[in-house]
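Structure record follows, encoded as structure tokens.
The values are calculated or read from the model by the stated rules, or taken from the named source; none is laboratory data. Model, not experiment: these values are computed from the prediction. Here the Cβ positions follow ideal geometry from the backbone for every residue, glycine too, while neighbour counts run over all protein chains shown. Only protein heavy atoms, including side chains, enter the accessible area calculation; ligands, DNA and RNA are left aside. Shrake-Rupley method; radii C 1.70, N 1.55, O 1.52, S 1.80 Å.
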Amino acid sequence: MKKIASLVLGLESSCDDTAAAILRYNKNDNLCGIEILSSIVLDQNSLHQAFRGVVPEIAARAHSERLDFCTKKALTEAGTDIEDISLISVSAGPGLIGGLLSGIMFAKGLAKGLECPVLGINHLAAHCLSVKMIHNIDFPYLTLLASGGHCQFLIVEGFDKFLRLGSTIDDAPGECFDKIAASLGLGYPGGPEIEKHSLKGNKNRFSFPKPMIDKMDSNMSFSGLKTAVKRKIDEIVKVQGGLYPKDINDICASFQNSIIEIFRKKSESAINVFKSYYGLEKNYYALVGGVAANKKIRKTLEKVASNNKFEFFSVPQKFCTDNAAMVAYLGSQKFITGNYTKEDLIPKPRWPLDINAKPMLGFGKRGAKA
Ligand code: KG4
Ligand code: ZN
């Protein structure tokens with residue numbers, strides 16, 4: 001069959017990164033032929049740093065001011081013109097409503113002008129499918145999605161089919177990295193800072209809690225760990241009047257070690273469930289989301305996977321954290337398979353991947369976030 005190459009524009013504005021990407025894909029071939037021509041991410045770190053977290057209104061304004069520039073940059077880097085775009089794929093949730101609206105309005109306006117289709121994408125699904133953008137792996141596969149707002153073990157059965165095996169019942173690990181880094185006076189985002197300081201630290205100096213680690217399921221909890229680390233920081237500051245560089249490094253290493261141990265143990269539980277469900281000859285375990293950028297976490301989970309005869313996959317670091325290439329990729333695949341509806345384009349602050357999974361404790365009255 002003749003392959004028809006087409007260009008898709010991906011747009012991402014669900015949190016605090018404004019991103020645009022151009023991908024070439026083949027309209028009648030969803031297994032190969034993907035080429036990432038450009039992926040531009042404009043972070044808003046300097047805008048939110050003073051507030052020690054993302055301010056939704058500031059984020060939304062920054063997205064609407066930058067989407068145009070970001071798209072132009074992506075087009076220039078890809079060496080193409082806007083008229084060559086035949087599909088637009090935009091994050092429609094879950095995320096901050098202002099940012100989602102900025103992205104969707106921008107995408108709809110462009111699509112109207114270009115007379116091309118526009119698809120709304122679940123941002124978390126895009127993270128989960130990002131491994132397929134880079135590696136030729138088959139469904140079903142097990143994934144740990146660990147980011148600034150979410151943490152879930154999922155079985156990815158298709159582009160639109162997810163089975164949640166476990167999830168955090170409170171905070172997300174990325175959020176803990178960010179908050180602890182802030183308490184230590186390190187920069188935002190906290191993940192890369194803590195990873196860097198951990199390299200020089202002693203992971204055995206502090207024994208921080210690993211909540212729920214002895215439960216035989218793959219649910220997780222991080223808020224007690226976050227509080228314990230903060231208490232320890234306060235305690236040291238009270239005694240010494242401040243933190244020495246060695247204290248910072250040791251706290252980082254010990255905290256990261258607790259996260260790693262939780263992931264190790266819970267991955268084993270999830271792997272066992274996956275095996276019992278499918279009994280496949282070839283099994284895949286994929287680590288995705290911003291926290292997947294952490295080399296020590298990747299290495300540890302690669303080992304867990306290989307000990308259990310699972311092939312381990314992740315994506316290059318720039319595609320772990322928020323980006324529009326993964327949004328463009330999932331949009332192209334949903335378009336090829338005709339697997340999309342108009343409702344997908346409605347901005348959804350909450351958009352669970354597995355609608356049959358029970359809301360977890362701590363998700364509030366409005367039900368599951370994701
Ligand atoms: O996926 P992402 O870009 O945004 C969300 O959808 O949340 O994830 C961002 C999160 C931040 O909390 C950041 O601190 C964390 O990913 N992160 C890391 C690393 N790089 C980014 N966490 C641990 N180690 C890293 N190297
Ligand atoms: Zn994300």
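The set of residues in the stretch 186-212 that are in contact with an Asp or Glu (Cβ under 7 Å, 6 or more places away or on another chain), modelled with pLDDT of 95 or more and open to solvent by 30 Å² or more (accessible area, probe 1.4 Å) comprises N202, R205, K210. Each residue in the stretch 50-73 was checked for being hydroxyl-bearing (S, T, Y) and within 19 Å of V8 (Cα to Cα), and 1 of them qualify. You will find that of G367, G362, G331, G338, the residue that is in contact with a helix residue (DSSP H, G or I) (Cβ under 9 Å, 6 or more places away or on another chain), more than 13 Å from ligand 1 (Cβ to nearest atom) and at pLDDT below 95 is G362 and no other.
When R61, R52 are checked against the criterion of being free of Cβ contacts under 8 Å to residues at least 60 places away in the same chain and basic (K, R), R61 stands alone in meeting it.
Counting just the residues of the stretch 76-92 that are part of a helix (DSSP H, G or I) and either free of Cβ contacts under 8 Å to residues at least 60 places away in the same chain or of a type outside the set (D, E, K, R) (or both), which one comes out surrounded by the fewest Cβ atoms within 10 Å (Cβ to Cβ)? Only one residue fits best here, namely E83.
Looking across the stretch 142-159, the residues that are away from ligand 2 (no atom under 16 Å from the Cβ) and out of contact with any helix residue (DSSP H, G or I) (no Cβ under 7 Å at 6 or more places or on another chain) come down to E157, G158.
Here I346 fulfils each of the conditions (1) open to solvent by less than 70 Å² (accessible area, probe 1.4 Å); (2) at pLDDT 95 or above; (3) farther than 11 Å from H123 by Cα apart from (1).
Conditions (1) closer than 17 Å to C116 by Cβ; (2) at pLDDT below 95, marked per residue:
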residue	(1), (2)
D16	no, yes
C70	no, no
K73	no, no
I82	yes, no
S86	yes, no
S91	no, no
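Every test in (1) open to solvent by less than 50 Å² (accessible area, probe 1.4 Å); (2) touching a residue at least 60 places away in the same chain (Cβ under 8 Å); (3) touching a strand residue (DSSP E or B) at 6+ places or on another chain (Cβ under 9 Å); (4) not charged (D, E, K, R) is passed by S221 save one, and that test is (2). Please tell me if S258 is over 30 Å from A78 (Cβ atoms), in contact (Cβ under 8 Å) with a residue 60 or more places away in the chain, assigned to a helix (DSSP H, G or I) and open to solvent by less than 70 Å² (accessible area, probe 1.4 Å). Taking the combined requirement at face value, the residue does not satisfy it.
The residues on offer are K334, K295, K318, and the sole one that is among the basic types (K, R), closer than 25 Å to A111 by Cα and touching a residue at least 24 places away in the same chain (Cβ under 8 Å) is K334.
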